[in-house]
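This report refers to the structure that appears directly beneath it.
The values are calculated or read from the model by the stated rules, or taken from the named source; none is laboratory data. Computed from a prediction, not measured in an experiment: that's the story for all the values here. Here the Cβ positions follow ideal geometry from the backbone for every residue, glycine too, while neighbour counts run over all protein chains shown.
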Amino acid sequence: MSTKFYSRTMILINSTRVAQVTPTKIQTTAQKVDIFLSEAAFDRSLLALYDHIPGIYFFIKDIDSRLITCNVNMLSLYGQKYSEGIYGKTGFDFFPANLVFSFIDDDRQVMDNDTIIRERIELNIAEDGAISWFATTKTPLHNQQGKVIGLAGITRVVGKADEELHPFRKMIKVIDYLQANYTQELEVDTLADLCNLSKSQFHRSFKKLFRMPPLQFVLKLRIQNSIKLLRNTNLNVGEIAYECGFNDQNYFARSFSKACGMSPSKFRQKFR
């Protein structure tokens, strides 16, 4: 059998038959995005609107938490210039695992339960590398049959003017204290005194609000600051461990690897 290739079709010729095979049309990323947005009955013109709202990070994901599209602020956070660079990817392609797992858990809550998460407060790393508070809202997206096919979300940096509007206001003194002293040895009793609660009351309130115990939050704060230093400085791993409150470099390396899924050195190579 002989085979001849032409520009748009392939002809297979043998002694008994002639068959013509037309190749599948390749869709561009923009076409794939349009198909998803159409299925979700989402107005594409809204994307342009979100591009012009300062401080707003907008994104759309499919049912598997893969990114479909986002606004320019979110692209910058991902370190990308064009939307093609994020299509079909997940947070694991851009951020360390310890940051992404909580995002994925929230995605699953929204899509599995067909519910909305409103103004969830979390500590994260901003575009400039600073540790900042973010408020995130996520809502499920449905097709014409009412089936959940993805979600849309908005994240924004929480400013001082927002503090009285959110439940973490009772913990502002504690959080300010932690951010100023996270490199030091910290006692839960000291933190409880800052908000005039007993040790047990403070522990329950803190865990309910931030979904982790106080000392685990301190560890998260240290790890996130080490991420900032790994990305933005030339300090070696030992120096970063010390700067972030770890007296033992090996303990820092183990804690970082457990949280981020890789060693500090590998993280620097991948994300810097």
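Numerical summary
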{"quantity": "Tally, over the range 135-163, of residues that are part of a helix (DSSP H, G or I) and either of a type outside the set (A, V, I, L, M) or modelled with pLDDT of 95 or more (or both)", "calculated": "3"}
{"quantity": "Lone unmet requirement of (1) of a type outside the set (Val, Ile, Thr); (2) over 26 Å from THR137 (Cβ atoms); (3) touching a residue at least 12 places away in the same chain (Cβ under 8 Å) for ASP193", "calculated": "(3)"}
{"quantity": "The range 104-134, residues that are modelled with pLDDT of 85 or more and hydrophobic (A, V, I, L, M, F, W, C)", "calculated": "ILE104, VAL110, MET111, ILE116, ILE117"}
{"quantity": "The range 73-108: number of residues that are farther than 23 Å from LYS266 by Cβ and either surrounded by fewer than 16 Cβ atoms within 10 Å (Cβ to Cβ) or of a type in the set (Asp, Glu) (or both)", "calculated": "9"}
{"quantity": "Hey, ILE68 touching a helix residue (DSSP H, G or I) at 6+ places or on another chain (Cβ under 9 Å) and at pLDDT 85 or above or not", "calculated": "yes"}
{"quantity": "The range 40-61, residues that are assigned to a strand (DSSP E or B) and either basic (Lys, Arg) or surrounded by fewer than 18 Cβ atoms within 10 Å (Cβ to Cβ) (or both)", "calculated": "ILE56, LYS61"}
{"quantity": "From the options PHE246, PHE267, PHE206, PHE271, residue that is in contact (Cβ under 8 Å) with a residue 12 or more places away in the chain and surrounded by fewer than 16 Cβ atoms within 10 Å (Cβ to Cβ)", "calculated": "PHE271"}
{"quantity": "Odd one out for PRO54, checked against (1) without any contact (Cβ under 8 Å) to a residue 24 or more places away in the chain; (2) in contact with an Asp or Glu (Cβ under 9 Å, 6 or more places away or on another chain)", "calculated": "(2)"}
{"quantity": "Subset of the range 21-39 that is surrounded by 11 or more Cβ atoms within 10 Å (Cβ to Cβ) and hydroxyl-bearing (Ser, Thr, Tyr) - its residue that is modelled with the lowest pLDDT", "calculated": "THR29"}
